[in-house]
Structure formats: structure tokens, C-alpha cells
1. Would you check which residues across the range 66-117 are loosely packed, with under 13 Cβ neighbours inside 10 Å, outside any strand (DSSP E or B) and under 11 Å from the mean Cα position of the chain (by Cα) and list them?
2. Does the range 14-23 include one or more residues that are modelled with pLDDT under 90 and open to solvent by 70 Å² or more (accessible area, probe 1.4 Å)?
3. Any residue at all in the range 51-69 that's at pLDDT 95 or above, in contact with a helix residue (DSSP H, G or I) (Cβ under 8 Å, 6 or more places away or on another chain) and within 30 Å of A12 (Cα to Cα)?
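The values are calculated or read from the model by the stated rules, or taken from the named source; none is laboratory data. Note that the coordinates shown come from a computational prediction; the quantities given were computed from them, not determined experimentally. Cβ sites come from the backbone with ideal geometry, for glycine too, and all protein chains shown count toward neighbours. For the accessible areas, the whole protein counts, side chains as well, though only heavy atoms, and no ligand, DNA or RNA atoms are used. Shrake-Rupley method; radii C 1.70, N 1.55, O 1.52, S 1.80 Å.
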Amino acid sequence: MVTSGELAAMQATQRATLVEACAIVRRTLVSDGAGGQTVTEAETATICRLAASTNLPADRLVAGATAEQMLWRITLPAGADVRKTDAIRIGSRTFEVMGIYGPHTLTTALVCVCVER
């Protein structure tokens, strides 16, 4: 049995490998005052690690045609608030979250599968 202290130590070890500054970008719809809505973005700063995924590229439907896009794994601290509708910004690059691994019994980090915009 892993104690809460041991899990905290494993999470701290994992966190030490997160070397990139990044932001979780959450889009919300806000009334434009004229009966419509506009998209606003709110960013939450955090840290992460970016790695090319070992999975095959994702096939996406773009303008009626199938296009291959590279899959990326972005690892964030355990407990990070990320949704499949969010994006993650690392420097000038922005990644759409396609899926999120977990949570697991002994979660030491949150791993997102993303594609670059």
C-alpha cells in the first residue's frame, strides 16, 4: 500500500521533470449584448513537459479531406484542471487537447494527447 506521503513524493519527482512554462487555455462563450455570443479565452499558468507521441499521427477531417497531424503528449502536474475542450499554449505554439489519460489509482501527473494548431 502506498501512503499519501509516498504518493506526494512520487508526484514531486514527476513535477521536477516538468521544465516548460505553459498555459491552459479555456474558451467560454460570452454574450455580445446584441443577442449573439463571442468566444473569450482565459489562461491559467502552469508547467509542463512536451513530447512527441509514440502513437501514429491522428487522421483529422480538414476542409472535407483527411489530413494527418502529429500527436503530442503534454504532461502536467497531478490535479491540473484540463478539459478536452481546452488548449495548451507553450511559448508561441498552441495545442488542442484531444484526450486525457487518467485519473488512475496512483496519479503522479496528468497526461494529455494533443495536436498542434
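1. D81, R83, K84, T85
2. no
3. Within the range 51-69, not a single residue is at pLDDT 95 or above, in contact with a helix residue (DSSP H, G or I) (Cβ under 8 Å, 6 or more places away or on another chain) and within 30 Å of A12 (Cα to Cα).
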